[in-house]
1. Please list, ordered by chain and number, the residues whose modelled amide H lies under 5 Å from the amide H of Lys158; skip anything fewer than 5 residues away on the same chain.
2. Per residue, how large is the accessible surface of region 139-236? Use a 1.4 angstrom probe and give square angstrom.
3. How are the C-alpha pair distances of region 169-286 spread across 10 Å bins, as whole percents from the shortest bin up?
4. So what does log10 I(q)/I(0) come out to for region 35-170 at q = 0.09, 0.12 Å⁻¹, using the Debye formula with one equal point on every Cα and no solvent?
5. Evaluate the relative contact order of the chain (contact order divided by residue number), counting alpha-carbon pairs under 8 angstrom at least 6 apart; express in whole percent.
6. Report, in whole Å, the centroid distance computed from the Cα atoms of region 68-123 and region 1-64.
7. For Lys237 and Thr371, FRET efficiency with R0 = 45 Å and r from the beta-carbon atoms, rounded to 0.05?
8. Within the accessible area of region 335-411, what % is carbon and sulfur when the probe is 1.4 Å and the other protein chains stay in place?
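The values are calculated or read from the model by the stated rules, or taken from the named source; none is laboratory data. The structure presented is a predicted model; accordingly, all values stated were derived computationally and were not measured. All Cβ positions, glycine included, derive from the backbone under ideal geometry; neighbour counts span all protein chains shown. The protein model used for the area step is the full one, side chains on, heavy atoms only, and it has no ligands, DNA or RNA in it. Shrake-Rupley method; radii C 1.70, N 1.55, O 1.52, S 1.80 Å.
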Amino acid sequence: MATTLISGGTVVSSTGRAPADVLIDGEVIKAVLSPGSTLFGTDIAASVDKVIDATGKYVIPGGIDAHTHMELPFGGTAAIDTFETGTRAAAWGGTTSIIDFAVQTFGERIQDSLAAWHGKASGNCAIDYGFHQIVGDVTPESLKAMEKLPDEGITSFKMFMAYPGVFYSDDAQILKAMQVSRDTGLMTMMHAENGPVIDVLAEQLVEQGKTDPYYHGVARAWEMEEEATHRAIMLAKLTGAPLYIVHVSAKQAVEQIATARDRGQNVFAETCPQYLYLSLEEQLGAQSEQYGHFEGAKWVCSTPLRSREEGHQDAMWQSLRTNDVQMVSTDHCPFCMKDQKELGLADFRKIPNGMGTVEHRMDLMYQGVVTGELTLERWVELTSTTPARMFGIYGRKGVIQPGADADIVIYDPQGHTSIGMPIDDNGNPTGKKHHMNMDHAAWEGFEIDGHVDTVISRGKVIVDGDQYLGTKGDGRFMKRGLTQYLT
């Protein structure tokens, strides 16, 4: 098996940083060595197949994006990134594992939905992948099938308090599913918004002629995120189930989570880069020559972008520093403007909900290190180590240590990344970074004071500078254990 030595870099973990060399043997890390170590001989570099010089750079565990939606059917269309294109883009951005969602729709068996998602992903992924299970139809048969999910390496499931008629579950259904969570150790993941009320507000806005994307954010008021978050926490407290709130965007929802955690409840949460950087006023309210007020459709996602004037973005950064929110995922669910987002030209309710971010998460969060929002160690913790612990893959993933999979990113703090479309309107290259399958860049114009130089997935270099060296099917399915993050 091939051996690789990463020399001269600074290895960064969630707990510290130090100069160290990393020795890779085949697909796993064999040793983390002090510079000049003779443990494996006086000249290790001469004895390995490949040497990577990481002088002046950070050596970090590969990123883990625990919330993606490749090929998700939604709103009469489907997310435009396939498992092939989406995982390749993830690799370009320093993410070496994703956890996607197998979707059970109304009337469908959980086993069949899981098999369908295996069929979509198998042989197509550039990086390793796992699944959460979306439970969209709570029946006695579904509840029994959920009990068997850990045997399949699926140790978390997601429910929705939003989207009546599509994914919505009522409180009684959520209670029953959480009782299975309590008994099996499955992690309950919750989309916490009061969907029935949101639908009424949205209908009233459209009746008033307020149909632009901006009103998507108005209809999905923060009060309905706070209320649903509190309700989910109370149901979890009643049942004893562990609870994970997805894509938290409102500072008031964070307060509910923090209160529950302060009393010792196993409640966890993620946020996403869009809730740290983007806003209701600047993005959902954007205008352009091409699209007019419909420009904001590029950033229609749920939960929605929140008002900067109300201070949600600053509060979300603070929640990451205080560990009231433990992780940063993307909720990657990209749609093109043409023929997809345009479905909602006359009615914001018909705009497919989702953004494309899987390629940019590691860079965007590193920029938070540059600006002083986070420490270097916290960057690694939020984007790799905690996702691995939260979803039962820590030890294999999320850490640079002997025996772990050799999923490693070499990050250059002196480099630079310009985010945007890789070609201009005339088809000419722009030098900007974007490999996702969209016809626009949701992060157009963002400049990152750092650069992903090398990406290694299970010992194989799949990104080297401006070259993609991976192949379709490099990624393998990850059978996950139960969460390793409970108190």
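1. Gln133, Ile134, Val135, Met189
2. Result: 39 Å² per residue.
3. 13, 39, 30, 14, 3
4. Log-scaled intensity ratios, in q order: -0.40, -0.60.
5. Value for the chain: 21 percent.
6. First find each Cα centre; the distance between them is then 33 Å.
7. With R0 = 45 Å, the Cβ-Cβ based efficiency is 0.75.
8. Here carbon and sulfur together make up 49 percent of the probe-accessible area.
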